[in-house]
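Shown below is the structure under consideration.
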Amino acid sequence: MSQRFDTLMKVGIKKVDLTSPVEPIKAALLKDRIDNIMLLQLKFSNLTKGKLKTLTVGVTVYDKNKNQIGNELTHKYILDSAKVLKEFGDREAIPVPKETAEFDVRVISVKSKTSNDWDVTLNGDRRVSPRLKPIKELPADLQGQLKKEVKKLSKGEVTYQAYEENNYWVCSCGRPNDTNENTCIRCGMKKDLALNYTDETYLRNKLEVPQRKNQEQQKSKERKNNAGKHKLNEVLKPIGIGMVIGLVFISVAFFLLSGSVL
Ligand SMILES: [Zn+2]
């Protein structure tokens, strides 16, 4: 954008709807210097990989004291349905009140050329805010083990630790998915793999298996060495006893011989 606009705020979207085929991913609050108005710019990701016709969103805005300003605003994006848009929306902006300091965005409906239409009134507003636990925060040895596990994957993103809640699970890409969904609708990762691979206990066990094997090999080596020593002792012992008896015998003989001299 040119100098006409000042970016007041750039944020990622924290709330994600479990069933909506389009998700808002980024937002920026802009100030138009020429018209002296505020604009909200949104960027969306198309999870269906299909051709979309329209997207309608609802935007609720708040002032700096977190008081809602007016009613929810709705905005309809008319999309180029001739092609598959993976990410879109950031070429247009929604006018918002000048006092806007915070905002909340929800998807209201998605009309598609290639897949089923989606409507929040039929599916319900099922937005959740996942707690994101970055993989980088895991201990270094577990991160190393996780890298080995990830090599086995054909698809899926691993940035966060996956976890499960009552009615949804959060994928290792950070996307919450409905409990009934066995594959992440954002990155294609399988639910059980994501939950397994990024679980600390699983990784710790995997890490300890080779260590345990090494320890066992070491122990069995020691046992073999000890057994060898034991055998040698058994051979040496009679030799020792024989030597003692021999020495006593020689001493007695010597005593008898020398005694005769005195
Ligand atoms: Zn995912």
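The values are calculated or read from the model by the stated rules, or taken from the named source; none is laboratory data. Keep in mind it's a predicted model, so treat the numbers as computed, not measured. As a convention, Cβ positions derive from the backbone with ideal geometry for all residues, glycine included, and neighbour counts pool all protein chains shown.
Just for the range 197-206: of the residues that are free of Cβ contacts under 8 Å to residues at least 60 places away in the same chain and surrounded by 14 or more Cβ atoms within 10 Å (Cβ to Cβ), which one is nearest to the ligand (Cβ to nearest atom)?
My answer is Tyr197.
Can you find even one residue in the range 57-72 that is assigned to a strand (DSSP E or B), acidic (Asp, Glu) and closer than 30 Å to Ser112 by Cα?
Within the range 57-72, one or more residues are assigned to a strand (DSSP E or B), acidic (Asp, Glu) and closer than 30 Å to Ser112 by Cα.
Each row is one residue, and each column tells you yes or no for (1) within 14 Å of the ligand (Cβ to nearest atom); (2) in a helix (DSSP H, G or I); (3) surrounded by 12 or more Cβ atoms within 10 Å (Cβ to Cβ).
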position: Leu142; (1), (2), (3): no, yes, yes
position: Leu146; (1), (2), (3): no, yes, yes
position: Val158; (1), (2), (3): yes, no, yes
position: Asn166; (1), (2), (3): no, no, no
position: Ser172; (1), (2), (3): yes, no, yes
position: Asn177; (1), (2), (3): yes, no, yes
position: Glu181; (1), (2), (3): yes, no, yes
position: Gly188; (1), (2), (3): yes, no, yes
position: Leu195; (1), (2), (3): yes, yes, yes
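Let me ask another. Residues in the range 11-24 that are modelled with pLDDT of 95 or more and part of a strand (DSSP E or B): how many?
Total meeting the criteria: 4.
Could I ask something else about it? If a residue must be out of contact with any Leu (no Cβ under 7 Å at 6 or more places or on another chain), more than 14 Å from the ligand (Cβ to nearest atom) and not charged (D, E, K, R), how many such residues does the range 112-137 contain?
11
Give the residue that is surrounded by the most Cβ atoms within 10 Å (Cβ to Cβ), with candidates limited to residues of the range 59-89 that are over 19 Å from Lys111 (Cα atoms) and touching a residue at least 40 places away in the same chain (Cβ under 8 Å).
Val61
Residue under question is Ala227, and the condition is that it be small (Gly, Ala, Ser), within 16 Å of the ligand (Cβ to nearest atom) and either at positive phi or part of a helix (DSSP H, G or I) (or both); does it hold?
In short, no.
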